[in-house]
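Readers should treat all values here as calculations from the given coordinates under stated rules, not as data from a laboratory. From a predicted model like this one, the values you see are computed outputs, not experimental measurements. Glycine gets a Cβ as well: all are built from the backbone with ideal geometry, and neighbour counts include every protein chain shown.
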Protein chains: 2
Amino acid sequence: MRICLIGAGNLATQLGLTLSEKGHQVVQVWSRTEKSAAALASKLNCPYTTEISLISSNTDIYIIAVIDTAIESLLAGRIWDNTLVVHTSGSTPMSILAPYCTNFGVFYPFQTFTIPKRVEFDHIPVCIEANSSENLDLLKELAQSISQDIKLFDSGQRQQIHLAAVFACNFVNHFYAIGEELLREKGIDFEILKPLILETASKAVVQSPALSQTGPAIRNDKITMDKHIALLSNYPDLKNLYKQISDRIIQSYK
Amino acid sequence: MRICLIGAGNLATQLGLTLSEKGHQVVQVWSRTEKSAAALASKLNCPYTTEISLISSNTDIYIIAVIDTAIESLLAGRIWDNTLVVHTSGSTPMSILAPYCTNFGVFYPFQTFTIPKRVEFDHIPVCIEANSSENLDLLKELAQSISQDIKLFDSGQRQQIHLAAVFACNFVNHFYAIGEELLREKGIDFEILKPLILETASKAVVQSPALSQTGPAIRNDKITMDKHIALLSNYPDLKNLYKQISDRIIQSYK
């Protein structure tokens, strides 16, 4: 398929590289800033623009991969004719596209993307939704060309999936960062946490996380929890989080 | 070495099986309850007892692997003579052993253990500490027989490592469980989160978690955060956690 990629951030970059490797043709990249548009266009060996009005019409699909808050103003910035337009956002309903497009849908690869680390798409769930069965078939075909795991979810389900991911991925990563911060305070290398991080993730995948819980809270080991709370006296925000999450674990396993 | 294993929980079980496979001899298992003592003793093909006074003296080392709150009463329950006694607790200082033992130390395999899933010890950091260089050498030898990653930390450092692990492992696992709970509410299988969980962990290991942060908070995407907070109206505790952790991410990347 000929693809016009609107956006040049983490997702647009990883998706563009993968689609291109799978034989699709990225015909143009648009980004608000010239620097990021040029960077991605050079990786994909295609032209770029920073003008919404100059986005090419010579494409089979427009893939919008920009920050959620920018989607609507982008949609309002040009006429989209009959070409299929999709956004890639977890928490934005498909209906946001309806006032602007005739053929539209959602193409949501469910993964965490940062540019330096390439991601293999083969086993990434791609959640799709479309305003007609023909458009859904087109999106299914596109998704199957990059992944074996295609999921049909409506906007309400997709929003809940995104919310679950904020806890199970974004907040989890921040908790890794908190671990790193606490170790750094005592001059201990983050390296020591790595086997634990990998094992915790691997355990959640082979057995339910509800069955994998360990630590002082599930044992209701108040002595250890009090020691930890005392260690956090310089971090009032972490102290609060420690108490709330421990309480939640204690309640969950009562 | 001849080892007397005091405790029969997650850590005692995994450690006993591994030490035994590496050629050490577990001479006896003690547990407060007959059921768990018998279960582990049968796996290790050794005798067991539930009486502290009947713990065998025919051993080179006592390894105490019980809940932190039980260590002290256990220590007070018999005379330990000159044999080396170690505990396996992250948050308990080595000094707890001093009033009861002549030769003592700490042997802390830094990993999350639950019985059904066997853990490979080869790359698990084993944190050791001892009250003499002779005892430290003995512990080093024992640790090296099961792992390639031996770390010397004092009790203060070990306590901080344990605290970091509560955030980066115990709380992380609870956040996986929250993800599972949120998906279940909409009838969506936890399966869909698995690639994301593995990628998030794998990214933290190859690049610093501080560089891996993604999600609405780091983008300061208030529209998405407000949508998520609205979705959590039935979960006041999760709504609070969502706000606090998002604020912390926003502040960290300012």
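Residue and whole-Å distance for the chain B Cβ lying nearest the axis of the B-onto-A rotation are B:ALA201, 2. For the pair the stretch A:174-208 and the stretch A:1-22, the centres of their Cα atoms are 32 angstrom apart. Local charge for A:THR59 was computed over the other residues whose Cβ lies under 12 Å away, with Lys and Arg +1 and Asp and Glu -1, and equals -1. Centre-to-centre, using Cα atoms only, the stretch A:28-83 and the stretch B:150-169 are separated by 48 Å. Sorted shortest first, the distances from the B:ILE67 label point to those of the same residue in the other copies are 4.8 nm; each point sits 7 Å from Cα along Cα-to-Cβ. Taken residue by residue and averaged, Cβ atoms of other chains lying within 10 Å of the Cβ of B:151-164 number 5.
Think of chain B as having a plus end and a minus end, set by charges on the Cβ of Lys, Arg, Asp and Glu; of B:ALA130, B:SER145, B:ALA168, B:ALA168 sits farthest toward the positive end of this dipole. Once you sort the root eigenvalues of the Cα gyration tensor of the stretch B:175-254 as a ≥ b ≥ c, which label holds: rounded (a/c under 1.5), prolate (a/b larger than b/c) or oblate (the other case)? Note, shape of the stretch B:175-254 comes out oblate. By the helix-only formula, in which each DSSP H run with n ≥ 4 contributes -39500 (n - 2.57) and the sum is divided by residues, chain A has a 222 nm mean residue ellipticity of -13000 deg cm²/dmol.
When a/c reaches 1.5 or more, the comparison of a/b and b/c decides; with that in mind, is the stretch A:1-145 rounded, prolate or oblate per its Cα gyration tensor? Present the calculation step by step, with values, prior to reporting the outcome.
Details: a/c = 1.39, a/b = 1.07, b/c = 1.29.
Rounded shape, in that the Cα axes give a/c under 1.5.
Sorted from nearest, the other copies put their B:LEU152 label points 6.4 nm away, the label point being 7 Å from Cα in the direction of Cβ.
Give the residues of the stretch A:6-39 whose amide nitrogen is closer than 13 Å to a point set 7 Å from the Cα of A:ARG78 in the direction of its Cβ. Correct set: A:6-7, A:27-32.
Take A:SER42, move 7 Å from Cα toward the beta carbon, and the resulting point lies 6.7 nm from the same point in each other copy, nearest first.
Counting only alpha carbon atoms, the long axis of helix A:172-185 and the longest principal axis of chain A meet at about 50°.
Helix B:236-252 against the longest principal axis of chain B: what's the angle in degrees, Cα atoms only, rounded to the nearest 10? The helix B:236-252 is inclined about 90 degrees to chain B. When the pairs A:LYS117/B:LYS186; A:LYS22/B:LYS117; A:LYS222/B:LYS35; A:LYS186/B:LYS222 are compared against a 28 Å limit on Cα-Cα distance, A:LYS117/B:LYS186; A:LYS22/B:LYS117; A:LYS186/B:LYS222 fall above it. Computed about its Cα centre, the charge dipole of the stretch B:127-236 is approximately 480 debye, with only Lys, Arg, Asp and Glu carrying charge at their Cβ. Any chance you could give the angle, 0 to 90 degrees and rounded to 10, that helix A:194-206 forms with the longest Cα principal axis of chain A? On a 0 to 90 degree scale, this one is about 70. Would you mind checking the stretch A:59-88 for residues with the amide N under 20 Å from a putative spin-label position 7 Å along Cα→C-beta of A:SER95? Label zone hits: A:68-76, A:85-88. Projected onto their three principal axes, the Cα atoms of the protein assembly as shown cover extents of 87, 41, 40 Å, largest first. Tell me whether chain A comes out rounded, prolate or oblate; compute the Cα gyration tensor, take square roots of the eigenvalues as a ≥ b ≥ c, and use a/c under 1.5 as the rounded threshold. Because a/c hits 1.5 or more and a/b exceeds b/c, chain A counts as prolate. Taking 10 °C and 1.306 mPa s as conditions, the stretch A:195-237 diffuses translationally at an estimated 130 µm²/s according to Stokes-Einstein applied to its Kirkwood radius (Cα pairs). For the stretch B:73-203, the share of DSSP beta bridges that are antiparallel, to the nearest 5, is 45%.
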